[in-house]
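Student: I have a structure here, written as structure tokens, and I will follow up with some questions on it.
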Amino acid sequence: MTEFLARILDLSGTGALLGYPFVRNALIACAVLGLVAGLLAPLIVSRGMAFAVHGTAELAFTGAAAGLLLGVAVGVGAVVGAVVAAVIFGVLGLRQRERDSAIGVVMAFGLGLGVLFLALYDGRSSNRFGLLTGSIVSVDQQNLWVLGVVAAVVLATLAVLYRPLLFASTDPDVAVARGVPVRALTLVFSVLIGLVTALAVPIVGAILVLSVLIVPGAAANRVTANPLLATIIAIVIAEVALVGGTILSLAPGLPISAYVATIGFVAYLLCRLVGRLRGRGPVRA
């Protein structure tokens, strides 16, 4: 047990590794991803779209695998796959029951297609493994440009639509009665989820995207019902998990996803404890 902990918590040489360009690129990518993921996470939890995030991640994985096979940038392939998935999910099923069924059908097909693309890929096996578990080596200058553009689009959209999105997320029936275009907002929000999911796949992998887009929001939901405070808490948790997980993974040379998921889980447990001590349960949308 001691040897195991010493291996996964090894920090020897971390300082030297932080000087490498690819590590700096990864830290910048994590910081940007933490910001946009933290902004979306409370809304995702309020709207009950955790399964949609999982399904979108699988299709982002399919797009990334296709990009790997075709020699296109993995980040671009992930964005295309995630946005296509988000549009399909938004069009096929906007109600909870319809959405979950549509996601299950499309996700199964997309995941099988992604596995086929990886089987046909003749390159390094580490590239295949990285799509599932994440790899900071995969974050190059081109990925940073894609990430920056996508993050700017997400932030600009939220700046314009945040209030109606929040209204539609917390009380959709009243929002419809007030004339809020809930159907259109659901489609737009699905596309935003797709874009941010595409950013997360190359970093944390398709398997554990939920640790970035769900855990911070679920943790914040246990502490406060205030939307602004919940968003701030979610951003802090996402940033600590992503940046901290990256730094901790450097010396051991292990997948970043395990560290990010662990930090997020610990944060969630702490928020549950704080919520219980304050005598409150999770916020109900």
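Student: How many residues, within the stretch 49-61, are open to solvent by less than 10 Å² (accessible area, probe 1.4 Å) and in a helix (DSSP H, G or I)?
Tutor: The qualifying residues number 7.
Student: Looking at 244, 253 in this structure, which one is under 20 Å from residue 17 (Cβ atoms), part of a helix (DSSP H, G or I) and free of Cβ contacts under 8 Å to residues at least 24 places away in the same chain?
Tutor: It is 244.
Student: State the number of residues belonging to the stretch 162-173 that are open to solvent by less than 80 Å² (accessible area, probe 1.4 Å) and either modelled with pLDDT of 80 or more or touching a Gly at 6+ places or on another chain (Cβ under 8 Å) (or both).
Tutor: Of the residues in that region, 6 qualify.
Student: Working only within the stretch 136-161, note down all residues that are assigned to a helix (DSSP H, G or I), in contact (Cβ under 8 Å) with a residue 60 or more places away in the chain and open to solvent by 60 Å² or more (accessible area, probe 1.4 Å).
Tutor: Across the stretch 136-161, the qualifying residues are 137, 141, 142, 155.
Student: Would you please name the residue that is farthest from residue 245 (Cα to Cα), looking only at residues in the stretch 1-17 that are part of a helix (DSSP H, G or I) and open to solvent by less than 50 Å² (accessible area, probe 1.4 Å)?
Tutor: Only one residue fits best here, namely 17.
Student: Among what's in the stretch 267-285 and is open to solvent by 70 Å² or more (accessible area, probe 1.4 Å) and at pLDDT 90 or above, pick the residue that is farthest from residue 219 (Cα to Cα).
Tutor: Filtering the stretch 267-285 for residues that are open to solvent by 70 Å² or more (accessible area, probe 1.4 Å) and at pLDDT 90 or above, the one farthest from residue 219 (Cα to Cα) comes out as 273.
Student: Within the stretch 200-223, does at least one residue satisfy the condition of being at pLDDT 85 or above and open to solvent by 40 Å² or more (accessible area, probe 1.4 Å)?
Tutor: So far as the stretch 200-223 goes, yes, one or more of its residues are at pLDDT 85 or above and open to solvent by 40 Å² or more (accessible area, probe 1.4 Å).
Student: Select from the stretch 109-145 the residues that are within 27 Å of residue 27 (Cα to Cα), among the β-branched types (Val, Ile, Thr) and modelled with pLDDT of 70 or more and list them in ascending order.
Tutor: 139
Student: Looking only at the stretch 19-42, filter to residues that are of a type outside the set (A, V, I, L, M) and more than 14 Å from residue 215 (Cα to Cα); which one of those is surrounded by the most Cβ atoms within 10 Å (Cβ to Cβ)?
Tutor: 30
Student: Do we find a residue being without any contact (Cβ under 8 Å) to a residue 12 or more places away in the chain and β-branched (Val, Ile, Thr) anywhere in the stretch 259-270?
Tutor: yes
Student: OK, next. Taking the residues in the stretch 91-108 that are more than 19 Å from residue 173 (Cβ to Cβ) and surrounded by 19 or more Cβ atoms within 10 Å (Cβ to Cβ) as candidates, determine which candidate is modelled with the lowest pLDDT.
Tutor: Out of the qualifying residues, it is 102.
Student: Moving on. Quick one: how many residues across the stretch 174-185 are open to solvent by less than 60 Å² (accessible area, probe 1.4 Å), modelled with pLDDT of 80 or more and under 17 Å from residue 87 (Cα atoms)?
Tutor: Of the residues in that region, 2 qualify.
Student: Now, a different point. Checking residue 224 against (1) β-branched (Val, Ile, Thr); (2) closer than 17 Å to residue 33 by Cα; (3) outside any helix (DSSP H, G or I): exactly one of these is not met. Which one?
Tutor: It fails just one condition, (2).
The values are calculated or read from the model by the stated rules, or taken from the named source; none is laboratory data. Since the structure is predicted, the reported quantities are computational estimates derived from the model, not experimental observations. Virtual Cβ from ideal backbone geometry, glycine too; neighbours counted across all protein chains shown. Just the protein is used for accessible areas: all its heavy atoms, side chains included, with ligands, DNA and RNA removed. Shrake-Rupley method; radii C 1.70, N 1.55, O 1.52, S 1.80 Å.
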